[in-house]
Amino acid sequence: MFTYWTLFFVIIAYPAAIGKGREQNFIEHLFDKRQAACYNEGMISEEKLKILTESAKYDVSCSSSGSGRKNGGGMGNAAPAGCCHSFTPDGRCISLLKILLSNRCIYSCRYCPNRADVDVPRASATPEEIAELTLDFYKRNYIEGLFLSSAVEKTPDFTMERLLAAVKLLRTKYRFHGYIHLKGIPRADAGLVSEAAKYADRMSYNLELPTEASLKLLAPQKSTESLLSPMRQLVKEKAEFKEEHKKGHFLPAGQTTQLIVGASPEPDSRIVRLSEALYQKMGLKRVYYSSYVPVVQDSLLPTLPVGQLREHRLYQADWLLRFYGFTAEEIAPEGENLPLEYDPKCAWALRNPQCFPVEVNTAPLEMLLRVPGIGGRGAYKITEARRYAALDFSDLKRMRIVLKRAKHFITCKGKYLGAKDERAVKGLLALGARQDEARQLSLFDEPERWGSGGAGAAGMLSGAGEGRTLSPAVQLLGTRETALAALTGEL
Ligand code: SF4
């Protein structure tokens, strides 16, 4: 008898239990542990927790979320909602509980899955529930902070009061010193906004759409002014707080915002100009870009998602604005989108051939920063090293400068190793941007197999004979040998 039960347990019951465990998402996993450890009647229910974390996943103004991956027997998994990561002002990556206080909304922003007229499960948590949940997860080391947002429930003031109550409870009653990112509610009372800023590390108002006209069409209850006015108020109050050397905190991690890309027809040039203005006038820490994904059907919205490459190009452009001294005008000419085939820095360099090549041993730092393939750190290393000796290409390679790109735009001791004409440079630079057929080379791919078109990047390039169409950029490369040399950096 004992043997049969042991066999049953080992062969059927235990593997089944393990399998079930693997299918649980992160929130279920946390909730189970929490229930086992300290469940009591006053705590937020599992169903409510699922609804409120699931509803928060479309907000990307903290850095990562939205990926779902089951644990296939190894270590770790990813859940599309629940936890996300953000970066503190000192660059540390921290995990946050990402949750809405409520997904009951009186507004009808057309792109939003929580809008008033959509039939989805609804829930609201109390400030106490949010505070207890945060503390509970924090104590167990699941999270290092909270990202708290909310739909507009009843009125903007009602919602803002509850958000404020939740963060106030955490800071005062529970003496929680972890990171808190709080979403502001447009049109809420200015006094509530000021008060919330004393408890949160960071606040954000999502502009969502780049023009007033698009807001009117797609989010009629919001206006640019209703979103910019609390942002301006916080900028002013933070400056006063600093000037008066008051005690306590006032938004030490500043403000951020989010823009949806592709839900409305504005080109990238408009979005980049708006970001530039927000950085300059509002002192925002980050502008986040979220490529539009059709989660609800609406005749005024595109039916297809906007590719993530466009979002990626905007992040690259954003980087150029913040750290490389570019202006929006230089990055994206009026009325244009960012080219998808080249990163924005390459695109600028190709539009301005008169600025190149630059001599790395004498060029000012600002010009080095504009060379494709030379990043901020690389430019700094070059300016430091050349104080002691003139640099050549092997020195740059040791500094991990991406010579594959940079060599078309620089000289070292007067020597130029780049392609001879502009057409060839364009083809070589566009290569890295090709996403459709690009594949990471495996360490174990044999060079002779590349030519078959079945494996390796060079095989990919030679695949035209097998019915594939090469992009115009790749056609520019001419021969397979040229393409291989470009891939390996020999050209
Ligand atoms: S205010 Fe607009 S974006 Fe926010 S939850 Fe409501 S409908 Fe969605």
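Taken together, the values in this text are just the output of simple stated rules run on the coordinates, not laboratory data. Because the structure is predicted, anything quoted here is derived from the model rather than measured. Using ideal geometry, Cβ is built from the backbone for each residue, glycine included, and neighbour counts are taken over all protein chains shown.
Inspection of region 128-139 finds no residue satisfying the criterion of being touching a helix residue (DSSP H, G or I) at 6+ places or on another chain (Cβ under 9 Å) and in a loop (DSSP other than H, G, I, E, B). Being within 25 Å of G335 (Cα to Cα) and surrounded by fewer than 22 Cβ atoms within 10 Å (Cβ to Cβ) is a property that holds for Y279. The residue of region 148-193 that is farthest from S55 (Cα to Cα), among those that are among the basic types (K, R) and not in a loop (DSSP other than H, G, I, E, B), is K173. Counting just the residues of region 229-257 that are in contact (Cβ under 8 Å) with a residue 60 or more places away in the chain and buried (at least 17 other Cβ atoms within 10 Å of the Cβ), which one comes out farthest from K168 (Cα to Cα)? Checked region 229-257; the qualifying residue farthest from K168 (Cα to Cα) is T257. In region 396-405, the count of residues that are of a type in the set (V, I, T) and surrounded by fewer than 13 Cβ atoms within 10 Å (Cβ to Cβ) is zero. Scanning region 212-228 for residues that are more than 13 Å from the ligand (Cβ to nearest atom) and crowded, with 16+ Cβ neighbours inside 10 Å turns up S214, T224, L228.
Inspection of region 113-123 finds a residue satisfying the criterion of being touching a Leu at 6+ places or on another chain (Cβ under 9 Å) and part of a loop (DSSP other than H, G, I, E, B).
Residue by residue, here is whether (1) within 13 Å of the ligand (Cβ to nearest atom); (2) surrounded by fewer than 24 Cβ atoms within 10 Å (Cβ to Cβ); (3) not small (G, A, S) holds:
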{"site": "I106", "(1), (2), (3)": "yes, yes, yes"}
{"site": "P113", "(1), (2), (3)": "yes, yes, yes"}
{"site": "V120", "(1), (2), (3)": "yes, yes, yes"}
{"site": "E129", "(1), (2), (3)": "no, yes, yes"}
{"site": "L146", "(1), (2), (3)": "no, no, yes"}
{"site": "L169", "(1), (2), (3)": "no, yes, yes"}
{"site": "L182", "(1), (2), (3)": "no, no, yes"}
{"site": "D189", "(1), (2), (3)": "no, yes, yes"}
{"site": "L192", "(1), (2), (3)": "no, yes, yes"}
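Screening G373 against (1) buried (at least 19 other Cβ atoms within 10 Å of the Cβ); (2) in contact with a Gly (Cβ under 9 Å, 6 or more places away or on another chain) leaves a single unmet condition, (2).
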